[in-house]
Amino acid sequence: MPIHREDIPKWITGYVPGTIHSVDSLPEGGTSEVALLTTDEGKFVLKRSKKPPYDEWLKREAEVLNHLSGTSLPVPRLIAFLEEPVCSWALMTFIEGETVRSALRRTTDPEGRRQIIKTFAEALRMIHRTPVPAVLKQDRPWIDRMLEEAEDHLRRYETDGTPELLEQLKRKRPVITEECLIHGDCTVDNVMVKDGRLTGIIDWSGGTSGDPDYDIALAVRPKPGIFSWPGDRDLFFEVYGKGISPETYRYYAEGLYEFY
């Protein structure tokens, strides 16, 4: 359901710079309703999540954005977060551009497509080279936390994963030698570009210290006309600086991700 002006809590509107002139719906990611607020001070993004686990994910994203504000990553700036009994709200700055998915779909020039894929790979490399903020570091291994969360999602929510798949993932869990800052959902829908150049990285609910191969696997998941032939993946891996094995790809993109 779209967010209407009358839906917005007064506490949130009090943080919106300037007078709100319009409230327009933006494409939803499946976990939140998203609106673009246009004011005389600029444009701002308002997210609303109504049910678990999505309300908790929005709260987590707000926390991660706060912790990333001191880095050089091009992420939205969190302005306000409100947790209500029936839903959660997050107000943040607007990032110009379009998603990598949108840009690749409408670009027919081969060199233009290559530039967008290069930018996508460079964005992920930038994330993984950014020092992990201290508050995002965890004492327990990332893979253990992810598998426990996957089991919780299987028990409490509707997922594409199955008990049999989860047991298989537990038996074959990868050995991760080093964790780094990861996005946690670095897909073609969460990296923004304009004229082939990076403008921002959005949707940070999965941001934490973890296995960079997880991000890589999700980044190159095939979509219609995108990463559906080897050339796209090969270019992405070349620019990023490494690839992943088919086994690692299947474990993460076709296994663990089924529970999220």
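The values are calculated or read from the model by the stated rules, or taken from the named source; none is laboratory data. As the structure is a computational prediction, the values presented were derived from the model and not from experiment. With ideal geometry, Cβ positions are generated from the backbone for all residues, glycine too; neighbour counts draw on all protein chains shown.
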Is it true that some residue in region 43-55 is over 22 Å from G97 (Cβ atoms), free of Cβ contacts under 8 Å to residues at least 24 places away in the same chain and either surrounded by 17 or more Cβ atoms within 10 Å (Cβ to Cβ) or acidic (D, E) (or both)? yes
Identify all residues within region 151-180 that are among the basic types (K, R) and either farther than 19 Å from W57 by Cα or surrounded by 12 or more Cβ atoms within 10 Å (Cβ to Cβ) (or both); write none if there are none. K170, R171, K172, R173
Is it the case that some residue within region 67-86 is in contact with a Pro (Cβ under 9 Å, 6 or more places away or on another chain) and not assigned by TED's automatic domain parsing to the domain that holds K43? no
Name the residue that is surrounded by the most Cβ atoms within 10 Å (Cβ to Cβ), counting only residues in region 70-83 that are more than 13 Å from I127 (Cα to Cα) and touching a strand residue (DSSP E or B) at 6+ places or on another chain (Cβ under 9 Å). P76
Looking at region 85-101, which of its residues are at pLDDT 95 or above and not in a strand (DSSP E or B)? F94, I95, E96, G97, V100, R101
Of all residues making up region 106-150, the number that are touching a helix residue (DSSP H, G or I) at 6+ places or on another chain (Cβ under 6 Å), surrounded by fewer than 17 Cβ atoms within 10 Å (Cβ to Cβ) and more than 27 Å from G241 (Cα to Cα): 1
Unmet requirement for H128, which otherwise passes all of (1) in the same structural domain as D232 (by TED's automatic domain parsing); (2) without any contact (Cβ under 8 Å) to a residue 12 or more places away in the chain; (3) within 17 Å of the chain's Cα centre (by Cα): (2)
